[in-house]
Each structure stands twice: as C-alpha cells, then as structure tokens.
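The values are calculated or read from the model by the stated rules, or taken from the named source; none is laboratory data. On a predicted model such as this, the values are computed, not experimentally measured, just so you know. When we count neighbours, we look across all protein chains shown, and the Cβ atoms used for this are built from the backbone with ideal geometry, even at glycine.
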Amino acid sequence: MVLMEPDWAPLRRAGEPYMCWRKSPGANHFGIAGRHRRRRRQGECSKPERMLTIPTASRKPCRNDRHPSLAPVNTVTPKRSKAQHADGIDNTVRRSPRLTTVQAADDDDDVFQPVKARPRIKIAAHKHAAGAPLKRQLLSTIQESEELEPKPGKTCCRCNPKDVIDVINLMSGPQKEKIRDLGWGKILDITIDAVKSRELFKWLLTKVDVLSMEIRVPPHTILPITKHAVHIVLGVPTGTRPPPDHSYKEVNEEKARLATALGCQGNTITIAHLKSKQSEHKVDDLSIRCFFLLLFNRLLFSTSAFDISNTEVKYTMDWDSFDQVDWQQIMVNDIRDAAKQWMGRKSDNPSFSSCPPFLIIYYLDNLLHKANNENRMITPRAATFTKEKVGALMLADLWKDEWGNTHYGALPVKKKPNRVSL
C-alpha cells in the first residue's frame, strides 16, 4: 500500500526534531541555509527524504487537535550527541519551513512549493451588554488589536439652555404662577443660555470623586456636590419621594398617548411641539407638563436625544405627586453616574444623562475673580451667569502645559466662600 502525502502536510512532522537556528560566518540571512548549500556543493550531504508518520490506531482524531500532522505518534526521537548536533542524525540535514523559499533557488529537485504567508487580519474585540465576549468567526490567523489608552473623546450630551429661556419668555403670567405653586419658581429666573464649551465640563467630570461626591481640584479645591448645592445653583425644589418607577411598556404607552394629545406624528415629540403648546397660554396640566418635559430634556437631565425620550416621559407620569419627588437627589445621582461613565468609557463619545450647567456654574462661581463680585446672596446662582461671564471665567482659569494640553485650575478658590454657595 502506497501512502499518499496530503498537499497541506507541513515540512516538519510530529516526532521530528526542531531546527537548531544558529548563525554561521559567511552565511546569508539564515546561517544554516548557507552552510547547507555549501555542503551540498561539496558533496558532503544529500537531500533528506521526507517521511510521512502515521498515528497509531488507538489514537482517534479529535476536533481539538491543532493539526492532524501534530498528533502524537509512537516514534521516539533519539538523543543527539555533540557530533550529531550540527548535521543531524545519520548525516542528514534538518529543514524548516522558513528556509523553503531560500533553498528553492539551489534545490532543483525539490517537488514541493514554497509555503505562502497567510494574511494577518486585525479584529477589534467586541462585547455585548452583559459584558461577555461575542463569538468570533473562525479565521486562519487572527491578530488581536492592542488595547490602547482611551482617547480624550467628546461628550454626547445635548444640553441647550436657550430652549428653556425661550419657553419661559413665551409663557404667560398664570402659567408661571402655576409653576411657582409646584415649587419650581426659582428655575424661571435663570439667565444662562449656553454652556459655552464642553472642555470644561469634561475636565470637571474627571475631578468628581464618586465616593465622597466632591469636586476635587489640586491642591486645595474641594466643592461638595450635595442636594443643597443643587438647590442653590439651579433652584431645584426639595422633595421626599423617590422618582417614578414604571415598566418600559407602560412608558411607551404613555408616550403614545402624550404624542396623540399634542398632535404629533407617531411617537416622536419634538421641541417645536412643546413650544407650540406653551404659546397657547393655557394653564391646564398638559401645558405645564410640556414645560417640564422640555426643562428635563434640555437642562436638568440632558441626553444625546434630539427629541423627548422615555426618561422625561417617565419622570412626569405621576403628575399628582410631581411636586413631592426628591429631584435634588435624582440630579446628584445623575452626576455620579455621568462621572463613572465618563472615566470608565469604552468609546470616544459616550452618551449619558447629566446637567453640565450645574457643574460649570458651581465651579466657576467659587473662583477668586473680579467677575464674581456680585451679591453672593442671590439665588439661584444660574440667574447671575450668562455665556459671556462663563467665557471670561473659563479663559482666566485656562492654562496649557509644555506639551500643549489644555487644563483648568489656574485661578484660586475663595478662601471663605459664602455659605450660600455651599
């Protein structure tokens, strides 16, 4: 019986010794290749015969085998002496697949083709929501991409206080009085209409200590993020009840009813629909609810959504107990979650819910600068800030290191800040 050697059989078989790679004087890229050709020309060695080893019958192939040719065999590799180490056993020369292309030029009687290099493919690691790795396709050769340090990135948080200012200007006196009855009267006094820059917000997120909930800027700046601070900066009222908790199905059904009441197409509730409802100057529950939908979406709980999301709908579902909810604690928890997601981000532009104006105003309002000379007893502090004042304080607090990286913290913090600011 003649055993046919398969086409995919490698040059080295199981049981054969590995090549001893050593550099020799006067050789080419691989020293042993040059020595082999020199010995062939001098007639000291002959071309080795390629042997096909067969696994024993007791050993069945297994799907976990890396290659059929690497299966264990009953042959034992004899020990080599120092004299045999250079040339091999029985005056034979060992070969390696890496020398195939080099030897092909001299060995005219070779019947095998050089082994072609397989393409190396880069595949990025992906994970699903639970965190377990996804099942990858079986490829011949895979080169995993190296884990690099996270890039600076940008926040995907669409905060636009100007929409809130526009709606407040559209509201009538009775509508504003209704909002004051709910405890949200101070939110009507805010004047900040733009965040001005995302860089300061990203820098402040990295300075938030999520355990103690403090803004820590070396060497001595410590600003606690508390419910009282949220009330002083933005005028959010105090409450005792936890936030509404409804299922995803209930929220979707409520959003569909709300969209129908506002005359929207489908379930998409846009900012334009809410502004149009406020311009009717009605004091019913639907009109007042539309104001808080816009307030949550554009200022207090901003996300990456252009339109009203399920989060704002869920927060306004229990309208009878709306004025009893602890909105200050909800904002503190949102800031904690935003800092965690930003510092542990996996992508360049993570999306999360947060309130950029609170961190920016809270930090800039405590800096020692001539722009902060107004009456410290005015609340909310957002009523004393405009985009021009934010820009002036940011520019004064900005500095760059020797590599050109932008940082903040150049201005000192007031040694004895007013108790209202804390």
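Scan region 244-278 residue by residue and report those that are touching an Asp or Glu at 6+ places or on another chain (Cβ under 8 Å) and not basic (Lys, Arg). First the steps, then the outcome.
Applying the first criterion (touching an Asp or Glu at 6+ places or on another chain (Cβ under 8 Å)) to region 244-278 yields 244, 246, 268-271, 275.
Listed by number, the residues that qualify are PRO244, HIS246, THR268, ILE269, THR270, ILE271.
Among the residues of region 242-265, is there at least one that is touching a Cys at 6+ places or on another chain (Cβ under 9 Å) and assigned to a loop (DSSP other than H, G, I, E, B)? Please lay out each step first, then the result.
Residues of region 242-265 touching a Cys at 6+ places or on another chain (Cβ under 9 Å): 258, 262.
Right, trim to assigned to a loop (DSSP other than H, G, I, E, B) and you get none.
No; the residues of region 242-265 include none that is touching a Cys at 6+ places or on another chain (Cβ under 9 Å) and assigned to a loop (DSSP other than H, G, I, E, B).
If I go through region 162-175 residue by residue, how many of them are out of contact with any helix residue (DSSP H, G or I) (no Cβ under 6 Å at 6 or more places or on another chain) and among the charged types (D, E, K, R)?
Of the residues in that region, 2 qualify.
Under 7 Å by Cβ, and 6 or more places apart or on different chains, what pairs join a residue from region 344-373 that is under 21 Å from ARG298 (Cα atoms) and of a type in the set (A, V, I, L, M, F, W, C) with one that is modelled with pLDDT under 75 and in a loop (DSSP other than H, G, I, E, B)?
Final answer for the pair search is PHE352/CYS157.
Take the conditions in a loop (DSSP other than H, G, I, E, B), within 15 Å of GLU312 (Cα to Cα) and in contact with a Leu (Cβ under 8 Å, 6 or more places away or on another chain) and apply them to ILE269. Does it pass?
Numbers: in a loop (DSSP other than H, G, I, E, B): yes; within 15 Å of GLU312 (Cα to Cα): yes; in contact with a Leu (Cβ under 8 Å, 6 or more places away or on another chain): yes.
When the stated conditions are applied, ILE269 passes them.
Please determine whether any residue of region 200-221 is surrounded by fewer than 14 Cβ atoms within 10 Å (Cβ to Cβ), modelled with pLDDT of 90 or more, of a type in the set (S, T, N, Q) and within 23 Å of the chain's Cα centre (by Cα).
Yes, there is a match, as at least one residue in region 200-221 is surrounded by fewer than 14 Cβ atoms within 10 Å (Cβ to Cβ), modelled with pLDDT of 90 or more, of a type in the set (S, T, N, Q) and within 23 Å of the chain's Cα centre (by Cα).
Restricting attention to region 373-403, which residues are assigned to a helix (DSSP H, G or I), in contact with a Ser or Thr (Cβ under 9 Å, 6 or more places away or on another chain) and of a type outside the set (A, V, I, L, M, F, W, C)? Working first, answer last.
The first filter runs over region 373-403 and keeps only residues assigned to a helix (DSSP H, G or I), leaving 381-384, 387-397.
Subsequent filtering for residues that are in contact with a Ser or Thr (Cβ under 9 Å, 6 or more places away or on another chain) retains 381-384, 390-391, 394.
Listed by number, the residues that qualify are ARG381, THR384, GLY391.
If you go through region 231-278, how many residues are among the basic types (Lys, Arg), within 31 Å of the chain's Cα centre (by Cα) and surrounded by fewer than 14 Cβ atoms within 10 Å (Cβ to Cβ)?
Residues flagged as among the basic types (Lys, Arg), within 31 Å of the chain's Cα centre (by Cα) and surrounded by fewer than 14 Cβ atoms within 10 Å (Cβ to Cβ) within region 231-278 amount to 1.
Only one of (1) of a type in the set (A, V, I, L, M, F, W, C); (2) under 30 Å from the mean Cα position of the chain (by Cα); (3) closer than 23 Å to HIS231 by Cβ fails for PHE306. Which number is that?
Just one mismatch for PHE306, condition (3).
How many residues does region 175-209 hold that are of a type outside the set (Val, Ile, Thr) and either assigned to a loop (DSSP other than H, G, I, E, B) or farther than 23 Å from SER321 by Cβ (or both)? Before the answer, list the steps.
Step one: of region 175-209, the residues of a type outside the set (Val, Ile, Thr) are 175-178, 180-186, 188-189, 193-194, 196-205, 207, 209.
With the extra rule that they be either assigned to a loop (DSSP other than H, G, I, E, B) or farther than 23 Å from SER321 by Cβ (or both), the set shrinks to 182-184, 189, 193-194, 196-205, 207, 209.
Within region 175-209, residues that are of a type outside the set (Val, Ile, Thr) and either assigned to a loop (DSSP other than H, G, I, E, B) or farther than 23 Å from SER321 by Cβ (or both) number 18.
Are any of the residues in region 217-239 in a strand (DSSP E or B) and among the basic types (Lys, Arg)?
Going residue by residue through region 217-239, those that are in a strand (DSSP E or B) are 217, 221-224.
Subsequent filtering for residues that are among the basic types (Lys, Arg) retains none.
Scanning region 217-239, I find no residue that is in a strand (DSSP E or B) and among the basic types (Lys, Arg), so the answer is no.
So, in region 246-267, how many residues would count as being in contact with a Lys or Arg (Cβ under 7 Å, 6 or more places away or on another chain) and either of a type in the set (S, T, N, Q) or not assigned by TED's automatic domain parsing to the domain that holds LYS314 (or both)? Give the steps one after another, and end with the answer.
We begin by selecting, within region 246-267, every residue in contact with a Lys or Arg (Cβ under 7 Å, 6 or more places away or on another chain); these are 246, 251, 262, 267.
Still in the running and either of a type in the set (S, T, N, Q) or not assigned by TED's automatic domain parsing to the domain that holds LYS314 (or both): 267.
The qualifying residues number 1.
Would you be able to say whether some residue in region 305-318 is assigned to a helix (DSSP H, G or I), among the aromatic types (Phe, Trp, Tyr) and either assigned by TED's automatic domain parsing to the domain that holds PRO356 or crowded, with 19+ Cβ neighbours inside 10 Å (or both)? Don't jump to the end; show me each part of the working.
Here is the first cut: in region 305-318, the ones assigned to a helix (DSSP H, G or I) are 310-315.
This time we only want the ones that are among the aromatic types (Phe, Trp, Tyr), so: 315.
Right, trim to either assigned by TED's automatic domain parsing to the domain that holds PRO356 or crowded, with 19+ Cβ neighbours inside 10 Å (or both) and you get 315.
For region 305-318, residues assigned to a helix (DSSP H, G or I), among the aromatic types (Phe, Trp, Tyr) and either assigned by TED's automatic domain parsing to the domain that holds PRO356 or crowded, with 19+ Cβ neighbours inside 10 Å (or both): present.
For LYS387, are the conditions met, namely being charged (D, E, K, R) and over 16 Å from LEU204 (Cα atoms)? Step through it out loud before you land on a result.
Working: charged (D, E, K, R): yes; over 16 Å from LEU204 (Cα atoms): yes.
Considered against the rule, which asks whether it is charged (D, E, K, R) and over 16 Å from LEU204 (Cα atoms), LYS387 comes out as yes.
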